[in-house]
Amino acid sequence: MRSRDLAQIALFAAIMVVLGFFPLIQLPGAFAPFTSQTLGVVLAGSILGARRGALAMLLFDVLVLAGLPVLPGGRGGLSVIMGPTGGFIIAYPIGALVIGVLTERLWKHYNLPVAVAINFVGGALVLYAIGVPWMAVAADLPLHKAIVTSVAFLPGDVVKTVIGSLAAIAVRRAYPMIPARA
């Protein structure tokens, strides 16, 4: 791995930390707060690609596990991972990987509708598929209640997906970091 790759991985992990400075919004009755950090997952996967994007999110997860206060509200540590929101945090590298793989595969046809679809799949659906069942188990909730509780976050995730997609399109035009695949 080149030093430029390592710098980009570290930069996107740092972007996740900065996104954690935005205050979390706790919705009534929800176990997970609304945060801006899922935007970082979208940005990492769609700008860096599968490998580097997933590694950036994995580095961020290591920082969380090490107990650094990099999550909104100054949270971090194993207790957060084992709590109701831990599945979402663990899903960050997988979400970035899915976004990166799909972006690389569809690079020749990459435009705003394609970017929004890809980023919603990886930045919302993948995170929900892992995070919601984890929340149900950690919070001792029935799965259907965890799903219903999570629906309140969909509008915010759509907004973050669109913002991340617009940024990815702009970066693609100015400085494409993902090589075109044949």
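Taking the Cα atoms of the range 93-176, the ratio Rg/Rh between the radius of gyration and the Kirkwood radius comes to 1.07.
Quick check: with the 1.4 Å probe, what order do Ser36, Ser46, Ser3 take by accessible area, largest first?
On the way: Ser36 25, Ser46 5, Ser3 95 Å².
Order by accessible area, largest first: Ser3, Ser36, Ser46.
Here Met1 sits with roughly 110 square angstrom of accessible surface, probe radius 1.4 Å.
From the Cα gyration tensor of the range 29-85, with a ≥ b ≥ c the square roots of its eigenvalues, which class applies: rounded if a/c is under 1.5, or else prolate if a/b is larger than b/c, or else oblate? Oblate, because a/c is 1.5 or more while a/b does not exceed b/c.
Using alpha carbons only, how many angstrom separate the centre of the range 107-182 from the centre of the range 37-72? If you average the Cα positions of each part, the centres end up 14 Å apart. Computed with every protein chain present, the accessible area of Leu19 is close to 20 Å² [probe 1.4 Å]. Carbon-plus-sulfur accessible fraction, the chain (probe radius 1.4 Å, protein heavy atoms only): 74%.
Relative intensity of the range 15-129 on a log10 scale, I(q)/I(0) at q = 0.13 Å⁻¹, equals -0.46, per a Debye sum over C-alpha point scatterers of equal strength in the absence of solvent.
Please return the longest stretch of the chain lacking exposed loop sites, where trypsin sites (Lys or Arg not before Pro) count only if DSSP places them in a loop and at most 12 other Cβ atoms lie within 10 Å. Intermediate results must be reported in sequence, preceding the final value.
Working: sites that count: Arg2, Arg181.
Formally, the longest exposed-site-free interval is 3-180.
Going by accessible surface with a 1.4 Å probe and the largest first, Ser150, Ser79 read Ser79, Ser150.
The values are calculated or read from the model by the stated rules, or taken from the named source; none is laboratory data. Worth saying up front: this structure is predicted, and the values here are computed from it rather than measured. Positions of Cβ are generated from backbone atoms using ideal geometry, with glycine treated the same way; all protein chains shown enter the neighbour counts. When the accessible area is computed, the model is the full protein with side chains, heavy atoms only, and any ligands, DNA or RNA have been set aside. Shrake-Rupley method; radii C 1.70, N 1.55, O 1.52, S 1.80 Å.
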